[in-house]
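The values are calculated or read from the model by the stated rules, or taken from the named source; none is laboratory data. Quick caveat: nothing in here was measured; it's all calculated off a predicted structure. All Cβ positions, glycine included, derive from the backbone under ideal geometry; neighbour counts span all protein chains shown.
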Amino acid sequence: MHEIQRGAGRKLLLVHGLGGSWQSWNTVIGALSAERAVIAIDLPGHGATSADRDSGTFVGLVNSVERYIRDKGLDGIDAVGSSMGARIVLELARRGCVGNVVALDPGGFWRGRERAFFRTTIGVSGRLLRAIRPLLPMLSRNAVSRTALLVQLSARPWALDPDVVATELATLSTTRTFDALVDDLSSRPEQTGPAADPTRRIVIGWGRHDRLCLPRQAERAQVAFPSAQLHWFEDSGHFPAWDQPEDTIAVILAATR
């Protein structure tokens, strides 16, 4: 599994979301690595990590990360996840193989029409980005087109760093397991808890303006993980690390200290 390591101190694992890579953390990794030994991975089928046979499924990805933790001797490592990665770290917490956990806008707590909403909107987005892949660097530099592409994911897409946007969209458009994961994630039952070890800290962060994993799903996540603290990012969409990076850094460091 491809990884990058920065900083020194207590170890912290970062797990990106669907269609992302370790570079999804570019807005926060510098500040985090000033205080922690940060390990950011590319999930199988994403970035520079090759896909395994089961990398098009949520369970397959969780098993891969669990093996990675075991093989690297990282049992009990603090873990932060975003979107699908947040769903992964919550499952790792339930299995008892990680330490303190921060889950930022996790998927998996949708019900009824919300499930079809996720499948349709994110599926269409993936197909669109693949179709316009050569244009993504140019579109990312323009505030209007950047807003049109990311209005579902960011509270202020026009204000995002164009280079961050271009990198994220390019990675999403080339993720080989994207469609398979959309189908698998949207067909899975609602995620359950609680974590195996209630003495470990769990913080579930949610953007008030999340238009992909709707804010009402946050209450279900807290019911599933009753020991978790719920933190609202008041001015954020689906990715707090984009919209409120300083607050995201503070939440992560406080929760894993």
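Residue check: is V98 assigned to a loop (DSSP other than H, G, I, E, B) and aliphatic (A, V, I, L, M)? Answer is yes for this residue.
Cβ separations smaller than 7 Å between residues 6+ apart or across chains give the following pairs from the range 149-170 residues that are in contact (Cβ under 8 Å) with a residue 24 or more places away in the chain and more than 10 Å from D243 (Cα to Cα) to residues that are small (G, A, S) and assigned to a helix (DSSP H, G or I): V165/S140; A166/S140; E168/S24; L169/S140. Could you please let me know if T121 is more than 16 Å from W25 (Cβ to Cβ) and of a type in the set (S, T, Y)? So T121 fits the description; yes. Residues that are loosely packed, with under 15 Cβ neighbours inside 10 Å, free of Cβ contacts under 8 Å to residues at least 60 places away in the same chain and part of a helix (DSSP H, G or I) within the range 101-129 comprise R113, T120, V124, R127, L128, listed in sequence order.
One residue stands out in the range 62-100 among those that are buried (at least 18 other Cβ atoms within 10 Å of the Cβ) and without any contact (Cβ under 8 Å) to a residue 40 or more places away in the chain: the one that is farthest from V182 (Cα to Cα), namely C97. Count of the range 15-47 residues, restricted to those that are hydrophobic (A, V, I, L, M, F, W, C), in contact (Cβ under 8 Å) with a residue 40 or more places away in the chain, in a helix (DSSP H, G or I) and within 27 Å of R119 (Cα to Cα), is 1. Return yes when T120 is of a type in the set (S, T, Y) and touching a Ser or Thr at 6+ places or on another chain (Cβ under 6 Å) and no when it is not. No; evaluated as a whole, the condition is false for this residue. Would the range 178-187 turn up any residue that is part of a loop (DSSP other than H, G, I, E, B), in contact with a helix residue (DSSP H, G or I) (Cβ under 8 Å, 6 or more places away or on another chain), acidic (D, E) and in contact (Cβ under 8 Å) with a residue 40 or more places away in the chain? No, the range 178-187 has no match at all. Per the listing S83, S64, the residue uniquely more than 24 Å from L214 (Cβ to Cβ), modelled with pLDDT of 95 or more and among the hydroxyl-bearing types (S, T, Y) is S64. When each of A170, A79 is tested for being assigned to a helix (DSSP H, G or I) and either more than 18 Å from A224 (Cα to Cα) or among the charged types (D, E, K, R) (or both), the lone residue that passes is A170.
Apart from one condition, A195 fits all of (1) in a helix (DSSP H, G or I); (2) over 17 Å from the mean Cα position of the chain (by Cα); (3) small (G, A, S); the exception is (1). So, of the residues in the range 32-46 that are touching a helix residue (DSSP H, G or I) at 6+ places or on another chain (Cβ under 6 Å) and over 20 Å from T256 (Cα atoms), which turns out to be surrounded by the fewest Cβ atoms within 10 Å (Cβ to Cβ)? Here the residue is D42.
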